[in-house]
Structure formats: structure tokens, C-alpha cells
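A quick write-up on the structure given underneath.
The values are calculated or read from the model by the stated rules, or taken from the named source; none is laboratory data. Everything numeric in this text was worked out from a predicted model, so none of it was measured. Methodologically, a virtual Cβ is constructed for each residue, glycine included, from the backbone with ideal geometry; neighbour enumeration extends over all protein chains shown. To get the accessible areas, we keep the full protein, side chains included, count just its heavy atoms, and leave off ligands, DNA and RNA. Shrake-Rupley method; radii C 1.70, N 1.55, O 1.52, S 1.80 Å.
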Amino acid sequence: MNFIKKINFKLLTFILLSLLFSINVNAQKRNSTFILVLDAGHGGHDSGARGVVDLEKNIALDVTLKVGKLVKDYFKDDIKIIYTRKDDTFIPLHERANIANRNHADFFLSIHCNSARPGAYGTETFALGSDPKRANSNLSIVKKENSVILLEDDHKEKYEDFDPSSPESLIGLTLMQNTHLENSLIMAKAIEDNYINKDKRLSRGVKQAGFLVLWRTAMPSVLTEIGFVTNPEEGRYLASEEGKNKTAESIFNAIKYYKKRWDLIRGYNNNYEPQKNEVKELAEPEKPVAGKVFKIQFLVSKRSFRKGAPQLKGLDNVEVVKTGDLYKYFYGSTSFESKRDANLRKVKARGFPDAIIAEFPTGDNQNNIYFDNDKNKTDIYRIQILSSQSNLNENSPLFKGLNNISKVKEGNLFKYLYGNFDNEENAKNELEKIRKAKFPDAFVVLFKNGNKIIIQ
């Protein structure tokens, strides 16, 4: 509780100094360049979270440097970028904030990766503050990030007996939240909006919590967790060049949005011209797809599983449809493409890598399930034997000796189809043989007018 007493006393002093500091700095910097501090989390002997592909410190640094390059290329000299680290160096939390304070930064942005159980995934962005509704759920993340101080020498003196595992210490930090909270939340929301609308990521939301690295900064600041490196799918994505580039573009868009607001408030002119092939800024609100409902088919089995069965791997609100002697399991129901994609990522992350997106037309014929991306316009019956993320050749042993295999790519999946039948009866007769001999979960599909319709 000594920490609380100290911080209560310091609260009034901090507020008064902040006001004086703000007035003085704003007067001096009326026509100055916007100063942005980019902070790549962890580094050196502090590796951060250990991901399925790479360490948090490496991914965070790569994304931070990509953000900096995008900002520099777009804004030229309108923004001065300062990095807390540009290589694999350990920088104490208090020094990261000091870098920003010494340079009179206008914004401090810290980039991290998240970690938890393998099924956890999604982005989230934090401002310094207290959100009672989410205090418990945020606590584990805050403890993890703040525990970095234990790697520093003399951390008790530097952080005034702050205990990273103590809820009381976290409460003390959030007493100083209000000075820059509004602007911090504007940036945090812009970042999460871009993760959703541009990068089609699942957002866990904008949150408030007691991060030490934000507490020490004397300007608006946020900490963004760009995803879970411990999730098999998201970890691979974040470690890939595509994932790093798209994540950096989302953060850059948010910076651009915030900078334009900053200019308008101060009466500055935005003289910079849009760049060629410029990534889009904050997207318009997403509209539902007319006439369609999307669900995720994640399991086909001859068994009927009860709610909560271990075979469903924790998925709830599961819909079961019986077709012939097969049970098909669907998760989620939405007309929004972003939610559809997020549902697919969630299902795959839970342990169903071959899950697929099914389209249910609204109105009539809602018992049919349509799949996109087949261009065949004639009525042909085929047997789908296999669905995989791998692009197999026609001689693959996974086909178990079958010939006349065709292939259709749907999203990230390849669907492998056997035979061409001109009527449903012939297809079903062959299906019975295929199921008994080679592929028990095979089913018949009809290609009709460019749509793929599951028959059985």
C-alpha cells in the first residue's frame, strides 16, 4: 500500500506539472514537426513471448521498422520518427518512456505480440486507464508486460517498489490516466478499426489497463498487441512477411488518421499528396452481404455429438445438420464478410484446419449450401473426397489410387473431387463404394450454374 500513498501524493504534483509542461511545450511547438516514438517491445535478453515460429521481440521489431518506413515514405519531414530500439537490444521500460519525454514526443506507440493458450487469437490495443468491466481479463496481460522490470537492475528503486504482480500497484498507476486518455483512445480505436476493416483480423477491442511503459510517458500513448504468437495459425501469419506488412499498414493508417486530426486541431494545412497505390484509410462501415448468410462447416461425421462434447473442441452455438447418414457441424451465422472470416480463423485455431465457409441463401431454398469459386456452368455431379491446405499433384498417395481427380481452390483450401456423373443416382452409387473402400466422409456435390451444392 506504500505505493498507493506515494502515488496519491504525486498525483496532484503530476497533474500540475503536466498542465504547465503541456502549455509550455505546446507554445514552443506550435509550428514544430509531429514527433512519433515507435517502441518495439522487449529485445536483447528479454525475448518476450515464445511463438510457434518466432520470438515476440523479433516480430515486434520487424513490424515497428516497417511502420516507421511507411510513415517516413508518406510524410517525409512532416513527422519525425524516433525508435526506442532498431535492433536486438534490451531497453528498460523506464528508459523507453524517457526517450519519448526527452524528445517532447507527440505520441508514443508500443508494439507487442500476445501469448496465451493455443486457442487464443486476435488483436487488442490498450491505453493507460482503468476499465472495471475488463479488469480481470486484462490483468494477466498487464502482469506479463510489466514483469519485464524484474530483468532490470535496481528495479525496486527505479519503479518505487512497484510490484508487477500486485493489483494494488496497477490501481495506483491508473490514477494518472486522465491527462491524455482521450487522444490515446482515438489512436487505439483507429488501430483496431484498421485491423478489422483493412486486414480482416479479429479484434478483441480497445481496452484500458495499467502498463508501466505507458504510465511514464508525458504524452498520448498506446500499446498494441498485434496478435497471439502462440496460436498456430496467427503465429505463422505474424511471422510471415505478408502478416508483418499488413499489420504495419494497419498501424500506419491509424497514424495517418491521427496526424490529420492533429493538424486540423492546430490549424495546419495538409499539403502532402496521396501516394500511388496508397493503402486505404479507415474503411466505411461494413455492410452485410445481401441474400446470404455465412456459416463455418468444421466437421462431417457419422456420429452425433452432444453439446459440449470434446470432439467440438470448446466451440459453442454449434448447428448440426443431418444429411443422409452424415452429421454436418456448423459454427457461427453472419451476413458480414469480416465476421465470416473471423469465424473461420477461430474455428481453425480451435483445431479444425480444414474448416470451410458455407453460404446459405436467405429466403427460399435455405436447405441448400452453396460454395463459391467454381466456374463450371454445366450440371455435373462429383464426389468430394478430400479438403486440404496442401496443393497436391494428381499422383498423390493421399488419393489412394483414384484417378480422374479435379481440384478447386476455395479461399486457402484445395477441394479434391472425383469423377464426373450426369445424374445424382450414378453419383450416389459410386459414393457408396468410395465410402466403404477409401473415404468414409466423402459426399456428392452438384455443380449447377456456377454454384457448388452439397447433395449428400
Pick from the range 31-45, criterion open to solvent by less than 10 Å² (accessible area, probe 1.4 Å) and part of a strand (DSSP E or B), ranking: farthest from residue 222 (Cα to Cα):
43
Name every residue in the range 276-305 that is at pLDDT 85 or above, among the basic types (Lys, Arg) and not in a strand (DSSP E or B), in order of residue number.
302, 303
For the range 418-430, state whether one or more residues are under 30 Å from residue 341 (Cβ atoms) and loosely packed, with under 15 Cβ neighbours inside 10 Å.
no
Can you work out which of the residues in the range 431-442 that are open to solvent by less than 20 Å² (accessible area, probe 1.4 Å) and out of contact with any helix residue (DSSP H, G or I) (no Cβ under 7 Å at 6 or more places or on another chain) is nearest to residue 300 (Cα to Cα)?
439
Going by what's in this entry, would residue 66 be described as farther than 18 Å from residue 263 by Cα and open to solvent by 30 Å² or more (accessible area, probe 1.4 Å)?
yes
When the range 302-347 is examined, which residues are found to be open to solvent by less than 20 Å² (accessible area, probe 1.4 Å), closer than 22 Å to residue 440 by Cβ and not hydrophobic (A, V, I, L, M, F, W, C)?
328, 329
Residues located in the range 89-102, provided they are of a type outside the set (A, V, I, L, M, F, W, C), surrounded by 16 or more Cβ atoms within 10 Å (Cβ to Cβ) and either within 24 Å of the chain's Cα centre (by Cα) or in a loop (DSSP other than H, G, I, E, B) (or both):
92
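Yes or no, residue by residue, for (1) of a type outside the set (Ser, Thr, Tyr); (2) in a loop (DSSP other than H, G, I, E, B); (3) touching a helix residue (DSSP H, G or I) at 6+ places or on another chain (Cβ under 9 Å):
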{"site": "57", "(1), (2), (3)": "yes, no, no"}
{"site": "63", "(1), (2), (3)": "yes, no, yes"}
{"site": "77", "(1), (2), (3)": "yes, yes, no"}
{"site": "87", "(1), (2), (3)": "yes, yes, yes"}
{"site": "118", "(1), (2), (3)": "yes, yes, yes"}
Answer from 185, 238, 214 - the residue that is in a helix (DSSP H, G or I) and free of Cβ contacts under 8 Å to residues at least 60 places away in the same chain:
185
Output the residues belonging to the range 20-45 that are modelled with pLDDT of 90 or more and within 19 Å of residue 77 (Cα to Cα).
34, 35, 36, 37, 38
Residues to consider are 361, 353; find the one that is at pLDDT 80 or above, over 22 Å from residue 196 (Cβ atoms) and surrounded by 12 or more Cβ atoms within 10 Å (Cβ to Cβ).
353
Only one residue in 405, 380, 454, 385 is open to solvent by less than 80 Å² (accessible area, probe 1.4 Å) and at pLDDT 80 or above, so which one is that?
385
So which residues in the range 310-349 are of a type in the set (Lys, Arg) and over 18 Å from residue 293 (Cβ atoms), if there are any at all?
313, 322, 345, 348
Residues of the range 177-195 satisfying the condition of being farther than 15 Å from residue 108 by Cα and modelled with pLDDT under 80
178
Residue 127 in contact (Cβ under 8 Å) with a residue 40 or more places away in the chain and surrounded by fewer than 18 Cβ atoms within 10 Å (Cβ to Cβ):
no
All positions within the range 218-248 that are β-branched (Val, Ile, Thr) and surrounded by 24 or more Cβ atoms within 10 Å (Cβ to Cβ)
222, 224, 226, 229, 247
